[in-house]
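Structure first, then comments.
The values are calculated or read from the model by the stated rules, or taken from the named source; none is laboratory data. What you see is a predicted model, and the numbers here were worked out from it, not measured in a lab. Ideal geometry is used to build each Cβ from the backbone, glycine not excepted, and the neighbour counts take in all protein chains shown. These accessible areas exclude ligands, DNA and RNA; they are computed on the full protein's heavy atoms, side chains included. Shrake-Rupley method; radii C 1.70, N 1.55, O 1.52, S 1.80 Å.
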Amino acid sequence: MAGRSGVKPLEGERFAELPVRIAALAAVDPGDVLPRPLARKLDRSAQFALIAAREAWADAGFTAKAGEDESIAPERLGSVIASGIGGVITLLDQYDVLKEKGVRRVSPHTVPMLMPNGPAANVGLEVNAQAGVHTPVSACASGAEAIGYAVEMIRTGRADVVVAGGTEAAIHPLPIAAFANMMAMSKSNDEPEKASRPYDTGRDGFVLGEGAGVVVLESADHAAKRGAKVYCEVLGQGLSADAHHIAQPEPSGRGIAAAMQNLLDSSDLKPSEVVHLNAHATSTPQGDIAEIKALRKVLGEDLDHVAISATKSMTGHLLGGAGGIETVATVLALHHRTAPPTINVEDLDAEIDADIVRGEPRALPEGSIAAINNSFGFGGHNVVLAFRSV
């Protein structure tokens, strides 16, 4: 909400020769929060997920794991935590150990640490989730798809409560070099805080971020029985696939529009109710425009009263964690009736035919209002989530 960027230079010799030497590192190192014996058994992505899940669980009013806290039975509790890449830092670092120090020095915890389902499994163990532990993997749409999957677990009667979200920790030379060689990342090394600039004519790619966003989803009846604090209502999700290219967005926004229409058709959401949208808006030249085209196609003139925020301008792009942290931002925007700003938009692209919240937060209307969170990923994955104020 302060409009402050978390993007900083990457220090250390291993980043020195990279074409991209900036990223949005987490403000607090997870290894400083977790006990050392636990942290050394978890990949950084799982560390983030566990901390975020603990915070969400406590905020939801639970005092212990399921079973010990009698307000939730273990068999009625699920965990759905997504990651686009999983334990990539563990995998790459342990390979270096193998090469440099030999077989016997490879950690016996390596496989549980590198598994993409490691964060979901560790969160499930933390809260004693026995209704199911799941890990959707759909690149940068993973976190949003996890939340949508959790909603379906509740709606189909598999669970009463689900801890859901996304996590990612991939700030490592290899992923950065690969993304940079794809021409997907900003190379604005001299101005880190201005590097992520969605919708600006000078945008030149995304900035890598790390962290996790986790929410506790609960059926309305179950929440009412235990007197839970409720931030908003989940209206539903819309899903589609571009079937266009493994990495490039479909330029007309066809798939995004299909996902949004799917959301409207499968929920009681009316376009006129939507007053806020947390956009995917990674700061890539093609992707930002395709998303706006899709919004205009589906919402029509109703898009004119939607306050659009692109929070990646401050957090960077968390890949599989983006849908998690941006769902948290969307929910809190509804709860506090304030849309967060988009920073670094100095020269708005003329093709961005929408109302972007620039520079400063903006108050949202009173009454019953709705908000949308968009997440899209390599492979053409499109996930759209909708929420209503309470």
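Each of Ile171, Thr315, Ala290 was scored by the projection of its Cα onto the charge dipole of the chain, and the greatest displacement toward the positive side belongs to Ile171; charges sit on the C-beta of Lys, Arg, Asp and Glu. Decide, for the stretch 100-143, between rounded, prolate and oblate: order the square roots of the alpha carbon gyration tensor eigenvalues as a ≥ b ≥ c, take rounded if a/c falls under 1.5, and otherwise choose prolate if a/b is larger than b/c, else oblate. It is oblate, given that a/c is not under 1.5 and a/b is not larger than b/c. Dimensions of the stretch 235-307 based on its C-alpha atoms, expressed as ranges along the principal axes with the largest first, amount to 33, 23, 17 Å.
Computed on protein heavy atoms with a 1.4 Å probe, the accessible areas place Lys312, Lys225 in the order Lys225, Lys312, largest first.
Across all Cα pairs in the stretch 329-386, the calculated P(r) in 5 Å bins from zero up to the longest distance comes to 4, 14, 20, 21, 21, 15, 5, 1 percent per bin.
Listed by chain and number, the lysines placed with their C-alpha closer than 20 angstrom to that of Lys225 are Lys65; residues fewer than eight positions away on the same chain are left out. For the stretch 265-366, the square roots of the Cα gyration tensor eigenvalues, ordered a ≥ b ≥ c, give a/c below 1.5, which places it in the rounded category. Atom-type composition of the exposed protein surface of the stretch 64-175 places 55 percent of the accessible area on carbon and sulfur (1.4 angstrom probe).
Placing a label point 7 Å from the Cα of Arg40 along the Cα-to-Cβ direction, the residues of the stretch 93-113 whose backbone N falls under 14 Å of that point are 105-110.
Under the rule of -39500 (n - 2.57) per DSSP H run of 4 or more residues, summed and divided by the residues of the chain, what mean residue ellipticity at 222 nm is obtained, to the nearest 500 deg cm²/dmol?
-9500 deg cm²/dmol
When the alpha carbon coordinates of the chain are projected onto the principal axes, the ranges are 64, 54, 38 Å, largest first.
The DSSP beta bridges internal to the stretch 294-390 are antiparallel in roughly 85% of cases. Secondary structure note: in the chain, about 55% of the DSSP beta bridges are antiparallel.
Simple point charges give the picture: +1 on the Cβ of Lys and Arg, -1 on the Cβ of Asp and Glu, and for the chain a dipole about the Cα centre of about 980 debye.
The calculated FRET efficiency for Lys229 paired with Gln286, based on their beta-carbon distance and R0 = 41 Å, is about 0.50. Accessible area per residue (1.4 Å probe, heavy atoms of protein chains only) ranks Lys65, Lys270 as Lys270, Lys65, with the largest value leading. Oblate is the label for the stretch 55-212, because the ratio a/c of its alpha-carbon gyration tensor axes (a ≥ b ≥ c) is 1.5 or higher and a/b is not greater than b/c. Ranking Ser375, Met182, Gly102 by how far each Cα lies toward the positive end of the dipole of the chain (charges on Cβ) leaves Gly102 at the top. Ligands, DNA and RNA aside, Leu125 has an accessible area near 130 Å² when probed at 1.4 Å.
Over the stretch 112-249, accessible surface divided per residue gives 39 Å², non-protein components excluded, 1.4 Å probe. For the stretch 167-285, the spread of Cα positions along the three principal axes, ordered from largest to smallest, is 53, 33, 25 Å. With every protein chain in place and a 1.4 angstrom probe, the accessible-area ranking of Tyr95, Tyr199, largest first, reads Tyr95, Tyr199. Taking a Cβ cut-off of under 13 Å around His381, the surrounding Lys, Arg, Asp and Glu residues balance to a net charge of -3, with basic ones at +1 and acidic ones at -1.
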